[in-house]
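Since the structure comes first, as structure tokens, the remarks are kept for the end.
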Amino acid sequence: MYVLLSANNKLKSTITHMKSIIYLGMLSLLFMSCNEAVESKNDEKSEVEKVNYTVYGEEINSDGVVAYDELMTSLQTNDTVMVKLEGEIDRTCQVKGCWMEVNVKEGEDPLRVTFKDYGFFVPKEGMENKAAIFEGIAYVDTISVNMLRHYAEDDGKSPEEIEAINEPEVVLTFEASGVLIDQ
């Protein structure tokens with residue numbers, strides 16, 4: 001009987017030991033899979049860092065950029081288009097960095113890009129000729145004389161130049177939710 005009890009205790013001990021090994025193995029697999037998820041998330045960020053973009057506003061990436069001509073075609077049948085464009089910064093607001101003008105197509109006037117809900121700004125200086133990718137909504141809008149004068153004031157125009165603005169303008173308008181600027 002002692003032999004049976006001893007064998008039974010050894011069997012229980014072996015089963016307990018095997019359960020511990022299985023449990024530790026499962027925990028190891030869980031931690032390795034979590035670590036891989038963190039590494040892949042870090043890899044995504046490093047892609048943005050590799051091209052040296054700084055993010056302003058909502059976090060966006062460089063995927064899915066649309067050609068300017070494609071945007072203009074979409075605007076022929078839609079009032080507003082959600083889109084991601086790229087271009088070269090011509091200038092930024094010198095007062096707060098609350099807008100930027102971007103050259104999106106050779107031969108076209110720069111596109112004025114404002115920022116959603118006035119919720120973020122770009123640097124006021126040193127942004128000229130830098131590549132930018134911006135995502136948001138594009139639409140055709142009439143800019144009032146008061147707003148045009150405000151933009152002219154932000155741009156450092158003289159009082160005479162500001163006062164000479166007396167007609168509203170119909171322009172392509174872009175309100176960005178996020179911007180990437182090449183550093």
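Bear in mind these aren't lab numbers, they're just calculated from the coordinates by the rules spelled out. Here the structure is a predicted model, which is why all the values come from computation and not from measurement. Note that we place each Cβ from the backbone using ideal geometry, even for glycine, and neighbour counts take in every protein chain shown.
The figures follow:
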{"read-out": "Point-to-point label distance, ASN129-LYS105, nm (Cα→Cβ direction, 7 Å offset)", "value": "2.5"}
{"read-out": "Binned Cα-Cα distances of region 68-182, short to long, each 5 Å bin given as a whole percent", "value": "2, 11, 21, 24, 21, 14, 6, 1"}
{"read-out": "Pairs of Lys in region 68-182 closer than 18 Å at Cα, counting only those 8 or more apart or on different chains", "value": "9"}
{"read-out": "Region 61-133 - convex hull of alpha carbons, volume per residue in Å³", "value": "106"}
{"read-out": "Pairs of Cα atoms farther than 14 Å apart, region 114-156, %", "value": "68"}
{"read-out": "Residue order, fewest to most surrounding Cβ atoms within 10 angstrom, among SER74, SER177", "value": "SER74, SER177"}
